[in-house]
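First up is the structure itself, then whatever we jot down about it.
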Amino acid sequence: EEGEVYYRGAHEILHRHRLVLDEIRRLREQVAGDVRVASIYSVGLHTVRPQIERFMRENPGTVVRLEYHHPDQVYEAVLNDEAEIGVTSYPKSRQGITVVPWLDEEMVVVAGPAHPLSRRSHGRDAVSLQPSDLADGAFVGFVPDLPIRRHIDRGLRRYRVNVELVSEFDNIDTIKQAVELSEAISIRPRTSIALEVGRGSLVVLPVDIELRRPVGIIRKKRKRLTHTAARFVESLLRGRKTVGVSRAP
């Protein structure tokens, strides 16, 4: 118990020290110092990282430290002062947490180029697909405890589509590899499969299904961000156009 008290107190001392240095930089109109960010894998790898690189180029002397976590761990990192801001999908305002809406990502159905639905929906005699065309097909999904899995399941039920779940993973890159190497389909955020679609290892199926994934920035309530962290959040909000997805409502 004594260690916990000391640990929390040390965090407060270090945070106060950063704020003092931050005030000095603000007087000099300087953006510098470290920003600690916790993000879920799928958003951090494909969306946040390019924004970090842009921010650091525009603000020499800044270092944005990005760590990848399970969604629940993102909230814990922010609440425990291990990260100043977090980025997660389907964000919720929990006790001690403030949410800033950021993105509204399009979700798409993907398959390998050799999949029968890929051949049917692309090429000279391409046709549009209906949700019923996905019925009983092999499907690679996320593990059940992730919010994105529950959202996809609800979406498939809404369109009355039953699929055969052949495998499930908690990592979006593993899911993409599983789809590339099989005749299964999956549903992914469009931003997360742009590289694979560009090189032809995955195909977006033109299915009339409307699914979106909200992404938000979370921060600790009643705790002032350092000047650099606040500028980074502003940079993320300005950078929505470069991400290529809709602004969150």
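Computed per residue of the chain from DSSP H runs no shorter than four, each worth -39500 (n - 2.57), the mean residue ellipticity at 222 nm is -11000 deg cm²/dmol. For region 131-237, the carbon plus sulfur part of the accessible surface works out to 49%, probe radius 1.4 Å. Label-to-label distance, GLU210 versus GLU4, with points set 7 angstrom from Cα along the beta-carbon direction: 4.8 nm.
Our Cα-only numbers for region 33-191 put the radius of gyration and Dmax at 18.4, 56 Å. Rounded to the nearest 20, the size of the Cβ-charge dipole of the chain about its Cα centre is 1060 debye, with Lys and Arg at +1 and Asp and Glu at -1. Among beta bridges identified by DSSP and lying wholly in the chain, the antiparallel ones come to about 60 percent. Per-residue accessible area (protein heavy atoms, 1.4 Å probe) orders SER201, SER128, SER186 as SER128, SER201, SER186, starting from the largest.
Couplings 3J(HN,Hα) of region 179-190, computed from phi: 5, 4, 9, 9, 9, 9, 10, 7, 10, 9, x, 4 Hz, in residue order, whole Hz [Karplus 6.51 cos²θ - 1.76 cosθ + 1.60, θ = phi - 60°; x for Gly and Pro]. For region 72-142, the solvent-accessible area works out to 45 Å² per residue, with a probe of 1.4 Å and every protein chain left in place. Taking every C-alpha pair closer than 8 Å and separated by at least 6 residues, the mean separation divided by the residue count of region 65-164 gives a relative contact order of 20 percent. Modelled spin-label separation between THR98 and SER132, with each label point placed 7 Å from Cα along the Cα-to-Cβ direction: 5.1 nm. Once backbone amide H atoms are built at 1.01 Å from N, HIS115 has no partners under 5 Å, excluding neighbours fewer than 5 places away on the same chain.
Which of the aspartates and glutamates could a cross-linker span from LYS223 if the Cα-Cα distance has to be under 16 Å and same-chain partners fewer than 8 positions apart are dropped? Leaving aside aspartates and glutamates fewer than 8 places away in the same chain, those within reach of LYS223 are GLU12, ASP22, GLU23, GLU76, ASP81, GLU82, GLU84. Taking R0 as 25 Å, what's the FRET efficiency between LYS221 and ARG54 from their Cβ-Cβ distance, rounded to 0.05? About 0.35, to the nearest 0.05. Heavy-atom accessible area, probed at 1.4 angstrom with all protein chains present, ranks TYR75, TYR41 as TYR41, TYR75, highest first. DSSP beta bridges in region 88-232, what fraction antiparallel, as a percent rounded to 5? Looking only at bridges with both residues in region 88-232, the antiparallel portion is about 75 percent.
Give the residue from ILE193, LEU45, PHE55 lying farthest towards the positive end of the charge dipole for the chain; charges sit on Cβ (+1 for Lys and Arg, -1 for Asp and Glu) and the dipole is referred to the Cα centre. Towards the positive end, the residue furthest out is PHE55.
Please compute the contact order of the chain in relative form: average sequence separation of alpha-carbon pairs under 8 Å and at least six residues apart, divided by the residue count, as a percent. Across the chain, relative contact order equals 30 percent. Note that region 153-225 presents 54 Å² accessible area per residue, ligands and nucleic acids not counted, probe 1.4 Å. Of all aspartates and glutamates in the structure, those lying under 12 Å Cα to Cα from LYS92, and not within fewer than 8 positions of it along the same chain, are ASP72.
The values are calculated or read from the model by the stated rules, or taken from the named source; none is laboratory data. Remember, predicted model here, so these are calculated numbers, not experimental data. A quick note on method: Cβ atoms are made from the backbone with ideal geometry, for glycine too, and the neighbour counts reach across all protein chains shown. These area figures cover heavy atoms from the full protein model, side chains too; ligands, DNA and RNA do not enter into them. Shrake-Rupley method; radii C 1.70, N 1.55, O 1.52, S 1.80 Å.
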